[in-house]
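A short worksheet on the structure shown next.
We did not get these values from a lab; they are worked out from the coordinates using the rules stated. Only a predicted model underlies this, so the values are computations on that prediction, with no experimental measurement involved. Reconstructed Cβ throughout: ideal geometry from the backbone, glycine too, with neighbour counts over all protein chains shown.
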Amino acid sequence: MAERQLERALQLFELDVEKALRAWRPLADDGLALLNELSNDRLGRHQRQLAALSEFEDAVAMLERPPDPAAGKAAETLASKIADVMARLTVQVEAMEAAVAKADIAIHQVRPLLLSQQPRPATDVGAQGSPARHRQDGAQSQQQSLSGQDILDIQMERYLALTTLVAQYAEDLSLKRHIAEWIQTGPILRDAMMLCLSLWLHAPLVDDGPTD
């Protein structure tokens, strides 16, 4: 039946999104830890440079001094790990967006079948039988009396909630890309870096989504 096909498609949609979110959360935590380490590294090197200047070291000589290979290697390693985290976060968002596309196809396929479906008449409940059976039969009758349009409207609420969640994570991925780039190459400003890390930690500003 068309409604069963739609129900199954939405269940798979929910499972795909849930799977991607389970992978997203530890990756986001890893990214935060790496960016925090990189921020501390950049701030520490900057403070050491300022301390050298405060001791009247020749500024020109300091600028011409070759960079510390060990410090450069550490920064490169962190940058590589951050790039890997961003790539894997991108994979999870792409998986959620692929789930949206699959759900779109399923809805497109069953929509005409549902809209052509006439409401089934409610089943009469006999005078005999237990109150519990009467309640069960009443609930079934109410469900059976729904039209295809009613069923489609109810299921579309689930679909829209999930697509909204996916869109919010896609926006969060874009924000995280900007944060990662800024912390790696932007001005060395402690307050600004702390703000960026806070934004990474608290985004996306969405509900928990599908339950774990």
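Residues Leu160, Leu114 in ascending order of nearby Cβ atoms (within 10 Å, fewest first): Leu160, Leu114. Given their separation in residues at 0.36 nm each and the Cα-Cα distance between them, Ser198 and Leu113 gain 25.8 nm when the chain is fully extended.
Sorted fewest first by neighbouring Cβ atoms within 10 angstrom, Ile154, Ile179, Ile188 come out as Ile154, Ile188, Ile179. For region 151-168, putting each phi into the Karplus relation 6.51 cos²θ - 1.76 cosθ + 1.60 with θ = phi - 60° gives couplings of 4, 4, 4, 5, 6, 5, 5, 5, 4, 5, 4, 5, 5, 5, 4, 4, 4, 5 Hz, in residue order, rounded to whole numbers and with x for Gly and Pro. Close amide H partners of Ser147, meaning residues 5 or more places away or on another chain with modelled amide H under 5 Å apart, do not exist here.
Between Lys102 and Glu157, the modelled labels are 2.5 nm apart [label points 7 Å from Cα along Cα→Cβ].
The string of couplings for region 39-45 from the Karplus curve (6.51, -1.76, 1.60, θ = phi - 60°) is 4, 5, 5, 5, 5, x, 5 Hz, one whole number per residue in order, with x for Gly and Pro.
Ordered by the number of other Cβ atoms lying within 10 Å of each residue's own Cβ, fewest first, Thr185, Thr164 fall into the sequence Thr185, Thr164. Converting phi to 3J(HN,Hα) with the Karplus coefficients 6.51, -1.76 and 1.60 and the offset θ = phi - 60°, region 5-19 yields 4, 5, 4, 5, 4, 6, 4, 5, 4, 4, 5, 5, 5, 4, 4 Hz in sequence order, with x at every glycine or proline.
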